[in-house]
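Please treat every number below as a calculation from the coordinates, not as lab data. This structure is a prediction, so every number in the text was calculated from the model and none was measured. Neighbour counts are summed over all protein chains in view; Cβ atoms, including those assigned to glycine, are modelled from backbone coordinates with ideal geometry.
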Amino acid sequence: MNDMNPSTILLIDDHPMLRNGVKQLIALDTSLKVIGEASNGEQGVELAKKLDPDLILLDLNMPGMNGLDTLDSMRQTSLSGRIVVFSVSNHEDDVVTALKRGADGYLLKDMEPEDLLTALHNAAAGKMVLSEALTPVLAASLRESRPSGDRDIQSLTPRERDIIKLIAEGLPNKMIARRLNITESTVKVHVKHLLKKMKLKSRVEAAVWVLQSNVL
């Protein structure tokens, strides 16, 4: 996105001071723009439907409709933007559950401001985003949940290996399709097959596994 066409962002968080701080930070970057904010999940879902922003920053721990329920509700609508959890929690259960339920990334609220802006740019561009501190958390979860012997990279076709490598680089389906000169729908089919073969629940798990196991 260029300055004339900034990426639009919706903030869903029950803390006004946090929302104001994030808004002030984003206001420093002309290629990003906050177009709405909600203090609870119900309001967030309604605003998401109405505004259909490029990116939604979603808090996990909110009174009433919590972040996971809000995520589930938004995933049942036809939103075109990315949904990234923005939380204080670095607990393995929270991270893994959010990603399995459809979050496009997970960022921690104690990130450095410049790192947050970079992550927002990447998320708006369609890339998977994850706070650096969470990579070992996810890796530990993968090791505990399934023995690594269950996964053999050789069981993938050469095309599937190309695609999982690009997933690990954070590329979305559209960019993978362009890089490999195939259609986006073909990429989706390959991604579905490779995740099933490798017993991986999500693209994020696939990326972390590739990075941690050095198989490619």
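If I take R0 = 22 Å and measure r between the Cβ atoms of residue 31 and residue 182 in this structure, what FRET efficiency does the formula 1/(1 + (r/R0)^6) give, to the nearest 0.05? According to the calculation, E is roughly 0.15. Considering the chain as a Gaussian network with a 10 Å cut-off on Cα pairs, which listed residue, 66, 181, 122, attains the greatest mean-square fluctuation? Among 66, 181, 122, the largest mean-square fluctuation in the Gaussian network model of the chain belongs to 181. Over the chain, Cα pairs under 8 Å with separation of 6+ residues give a relative contact order of 14 percent. Within the stretch 155-216, the GluC sites (Glu not before Pro) that combine a DSSP coil assignment with at most 16 other C-beta atoms in a 10 angstrom radius are 169.
Give me the extension gain from residue 154 to residue 196: residue separation times 0.36 nm, minus the current Cα-Cα distance, reported in nm with one decimal.
Values: separation 42, 0.36 × 42 = 15.12 nm, distance 1.41 nm.
Full-extension gain reported as 13.7 nm.
Cα extents for the stretch 70-211 along the principal axes, largest to smallest and rounded to whole angstrom: 40, 33, 30. Taking only Cα atoms and a 10 Å spring cutoff, compute GNM fluctuations for the chain and point out the largest among 44, 170, 21. Evaluated over the chain, the most mobile residue of the options is 21. Normalised Debye scattering of the stretch 171-216 at q = 0.19, 0.23 Å⁻¹ gives log10 I(q)/I(0) of -0.63, -0.87, counting only Cα atoms as equal scatterers and leaving out solvent. Taking amide hydrogens as placed 1.01 Å from N in the peptide plane, the amide H of residue 34 sits under 5 Å from those of 9, each at least 5 positions away in sequence or on another chain.
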